[in-house]
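Okay, so here's the structure we're looking at.
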Amino acid sequence: MATAAQLRYGNIVSFHRKTNNTVEAKKSAFFGGGLVNFKGKLSSSSSLFCKGNVRTGGGGNISRTSCALMPKVEKKTLLHELYEQQGQSPWYDNLRRPVSDLKPLIENGVRGITSNPTIFEKAIISSDAYDDQFRKLIKEGKEIEEAYWELVIKDIQDACELFEPIYDESEGADGYVSVEVSPRLAHDTEQTIEAAKWLHKRVDRRNVYIKIPATAECIPAIKKVISLGISVNVTLIFSLPRYEAVMDAYLEGLESCEAEDISKVTSVASFFVSRVDTLVDKKLEKVGTDAALALRGKAATAQAALAYKLYQQKFSGPRWEALEKRGARKQRVLWASTSVKNPAYPDTLYVNPLIGPDSVTTMPDQAFQAFLDHGKVARTIDANFEEAQNFYDAIKKMGIDWDEVGSLLEMEGVESFKKSFDSLLVSLGNKADLLKVKSS
């Protein structure tokens, strides 16, 4: 019996429809013998499955072959439903080698990837998959930080290639892979601009997002980078005032963008969620009253809902409509830090309540597996803005300063990424020293 891999077959000369789902094909040329099984794609929604008894004489022609039009089977997951039914794009918050491991996730409905210095620290230190490339880079005389960026950029480029079909199919709405500028630059406007330009040019992929933190110093950098036609993932957003500043920077960047087609310039604003509850819950426990304790686990989703309300307001009205006429796309809000830190809370707490159109949710492993297994697909983010505002105000009445919460979390976020970045460079330096000793 010939296998599909053993067959070489020509075009079916003619066929006619026999029933609603079968056709007869005549005179299919092939090489090999026995019962023929092969699939031939007829359209994006069907495949051609044929069987024919071989006559072994002459050129090996089949005089009559029955073929069935087989519908393309695509197993739907909750991630597919999330996007198709609610307009929210599920992304995955992790990246490591082999990057090909992302293929099953794409099949399950993942539409983009986010990364950060902590993710790369864990990936590179815990795996030997980077050793060969790192060894080569050190032999070439690369400095440690140069080698770090070569390792990272290789992963980003490989992931961009995997997600490029989604980018094309969605006309540039999804299929992005995010890579962050050095966290050491979080308080340096000009150096952040230069780093974003360099990283964008170095990665050289249509579907890369350059991540820039939403620090006060980087807000002007975001505006400038957008105006240069570079797509940006704005990260480490923890408060409503800072989120509004981020949206304004995006709009101002588009308004000053000289590109003929600004539809190619896109952005997401990464609003962090679970870390808000981690900090606010501690403050509520210090207050200690029944009313305060009853508010635990409410801060993050309440603030997120109000952020979505701000998003709806900002991307409507005359200012936005003028940009939309030029082809501008909305800067979608992206829910980040969606894994649950408190085991007493539902493991989908930062995904299920934040579902809404024109948004993104990026999930690390824990949140991803939980939602894929038992998430609920329904529009929830704008179901009750009044309740969200009530929770937000009630927390404020407990003496908790929302601006202070945002500032503390931003500082912690920047320091956490810097620590991961510095720690990884030290580890790579130690590895490089060992390689040099072995080679001497």
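Annotations
- Full extension of the chain between residue 404 and residue 154 gives 86.2 nm of extra length, using 0.36 nm per residue less the Cα-Cα distance.
- Between residue 333 and 269, 360, the built amide H atoms are under 5 Å apart, and every one of these is 5 or more places off in sequence or on another chain.
- Extension gain (nm, one decimal) between residue 427 and residue 85, 0.36 nm per residue minus Cα-Cα: 118.6 nm
- Computed lengthening from residue 365 to residue 310, 0.36 nm per intervening residue step minus Cα-Cα distance: 16.9 nm
- 10 °C / 1.306 mPa s Stokes-Einstein diffusion coefficient of region 166-237, Kirkwood radius on C-alpha pairs, µm²/s: 130
- Each Lys or Arg adds one and each Asp or Glu takes one away; over the other residues whose Cβ falls under 15 Å from the Cβ of residue 167, this sums to -2.
- Highest mean packing comes first when the peptides 210-216, 97-103 are listed by Cβ atoms within 10 Å, giving 210-216, 97-103.
- Förster radius 41 Å - calculated FRET efficiency between residue 373 and residue 412 (Cβ-Cβ, nearest 0.05): 0.85
- Packing rank of 408-416, 301-309, 125-133, where each peptide gets the mean count of other beta carbons within 10 Å, highest leading: 301-309, 408-416, 125-133
- Here the Karplus curve 6.51 cos²θ - 1.76 cosθ + 1.60, taken at θ = phi - 60°, turns the phi angles of region 299-315 into couplings of 5, 5, 6, 5, 5, 4, 4, 5, 5, 5, 5, 4, 4, 4, 6, 5, 9 Hz, with x standing for Gly and Pro.
- Cut-off under 5 Å, modelled amide H: who pairs with residue 212 long-range: 233, 234, 235
- Ordering 156-162, 398-404 by mean Cβ neighbour count within 10 Å, with the highest value first, yields 156-162, 398-404.
- Of the residues 200, 80, the one with the largest accessible area comes first in the ranking 200, 80, computed with a 1.4 Å probe on protein heavy atoms.
- Calculated diffusion of region 322-440, Stokes-Einstein form, Kirkwood radius summed over Cα pairs, 20 °C and 1.002 mPa s, µm²/s: 116
- Cross-link table 197/264; 283/341; 75/341; 264/330; 298/397, entries beyond 21 Å C-alpha to C-alpha: 75/341
- Converting phi to 3J(HN,Hα) with the Karplus coefficients 6.51, -1.76 and 1.60 and the offset θ = phi - 60°, region 283-288 yields 5, 5, 5, 5, 5, x Hz in sequence order, with x at every glycine or proline.
- Carbon/sulfur fraction of accessible area - region 358-417, other protein chains in place, 1.4 Å, %: 46
- Karplus-derived HN-Hα couplings along region 124-129 (A = 6.51, B = -1.76, C = 1.60, θ = phi - 60°), whole Hz, x at Gly and Pro: 6, 6, 8, 9, 9, 5
The values are calculated or read from the model by the stated rules, or taken from the named source; none is laboratory data. Source: prediction; values computed, not measured. Cβ sites come from the backbone with ideal geometry, for glycine too, and all protein chains shown count toward neighbours. When the accessible area is computed, the model is the full protein with side chains, heavy atoms only, and any ligands, DNA or RNA have been set aside. Shrake-Rupley method; radii C 1.70, N 1.55, O 1.52, S 1.80 Å.
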